[in-house]
1. Restrict the search to segment 52-121; then list the GluC sites (Glu not before Pro) that DSSP places in a loop and that have at most 16 other Cβ atoms within 10 Å of their Cβ.
2. Once the convex hull of the C-alpha atoms of segment 259-320 is built, how many Å³ does it hold per residue, rounded to a whole number?
3. With a 10 Å Cβ neighbour count serving as the proxy for reagent exposure, in which order, fewest first, do SER350, SER18 appear?
4. Find the percent of Cα-Cα distances in the chain that exceed 28 Å, and round it to a whole number.
5. Considering the options THR263, PRO143, ILE16, tell which one lies farthest towards the positive end of the dipole of the chain, charges being +1 on Lys and Arg and -1 on Asp and Glu at the Cβ, about the Cα centre.
6. Rank these for me by crowding, HIS342, HIS4, HIS212, going from fewest to most other beta carbons within 10 Å.
7. Hey, in the GNM for the chain with a 10 angstrom Cα cutoff, which one of GLN34, GLN293, GLN260 fluctuates hardest?
8. Using the Cα centre as the reference, give the magnitude of the dipole from point charges on the C-beta atoms of the chain (Lys, Arg: +1; Asp, Glu: -1; all else neutral), rounded to the nearest 20 debye.
Amino acid sequence: MSMHLASKLPQVGTTIFSVMSALANEHRALNLAQGFPDFSCPERLMQLVTEHMQAGRNQYAPMTGVLALREAIAEKTLTCYGALVDVEREITVTSGATEALFAAIMAVVRAGDEVIVFDPAYDSYAPAVELAGGQCRHIGLNPPDYAIDWQAVRDAITPRTRLIIINSPHNPTGSVLGAADITILAELTRGSGILVLSDEVYEHIIFDGQEHASVLRHEELRARSFVISSFGKTYHTTGWKLGYCIAPAALSAEFRKVHQYLTFSTCTPMQYAVADFIAECPEHYQELPQFYQAKRDSFLEGLVGSGFKPLPCKGTYFQLLDYSAVSDERDLDFARRLTIEHGLAAIPVSVFFADGRDDKVLRFCFAKSEATLREGTKILCSI
């Protein structure tokens, strides 16, 4: 007798990242789909992990995170954004940014609440909102710049609006918000019960001399916001799943109620190692914009003469390519064919839209070695 189980997420299947990576592995294709580097993290960082493991720091870390790491985060936040953060009450270390996003949404979204989400959106937002009993109000961003239409946001706000989720630098489009955007967001939420969830995991991967417009720079907005970041993106260690949330004390208290029953704590020696590395090697995150901009530019140079049209990439390590001059296939179909027939995997951007909107655009990850990027652009130029 088979069991029938009514799914709590009936529309959700296996994430597109897993699907395309599996397809790439099956066909031995070059994987520019999933967002992870194919080069190692800093050698010194690995040494520090080993040192802390050998020193016996292998048991549970405090639920809020190792004190040394929270102090390093506070110091870095002050240096980067001029924000003075309470180490004890406002910083929580998490098992990756995805856990932090889930914990923040579950902490404040209640049955019947509405959450404004900008499409194309990172795919973990909507399922978390649904599990919390909320409903997403999707606002589409349009190519080529994928900028937010703030009038559309005003029109979408209702008495049930509980949360607005922003993401800058933006995955998958590579767009970024400016200081003016943050000011408008503060004005829109002023005097309301609307909270903000700011996904800033690519905070140090921003190009062309721009300054990251963190919510942490805006004192008024910060007072009603969760700000999420990721050491995995900054230190090329996506497999470590180490992130954090900065939020005012009242929001952090609710956040921690959820966090303690999700993962309770995060890998102890890695926390100590990252704390040491932040202090020893601040130049790593300071030089990250130039490091990844060189990779972006190399990837774009290799595409000259191809039929693919690059869209603006102002941040992240993702580049969108318009393939409409190459094929009129749906992006899902073209991405599959690109993987199977040409040996190159990418992500179809329609999967990030709630309505499946297809702009004939694919997302490519350029967090790769020069050899990988050369091979990738060679394939694209041959099509």
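Just so it is clear, none of the values below were taken in a lab; they were calculated from the coordinates. Computed from a predicted model, the values in this text were never measured in an experiment. A quick note on method: Cβ atoms are made from the backbone with ideal geometry, for glycine too, and the neighbour counts reach across all protein chains shown.
1. Passing both the DSSP loop test and the Cβ count: GLU88.
2. 142 Å³
3. Lowest to highest Cβ neighbour count: SER18, SER350.
4. Of the Cα pairs, 46 percent sit more than 28 Å apart.
5. THR263
6. Result, fewest neighbours first: HIS4, HIS342, HIS212.
7. Residue with maximal mean-square fluctuation among GLN34, GLN293, GLN260: GLN260.
8. The dipole of the chain has a size of about 680 debye.
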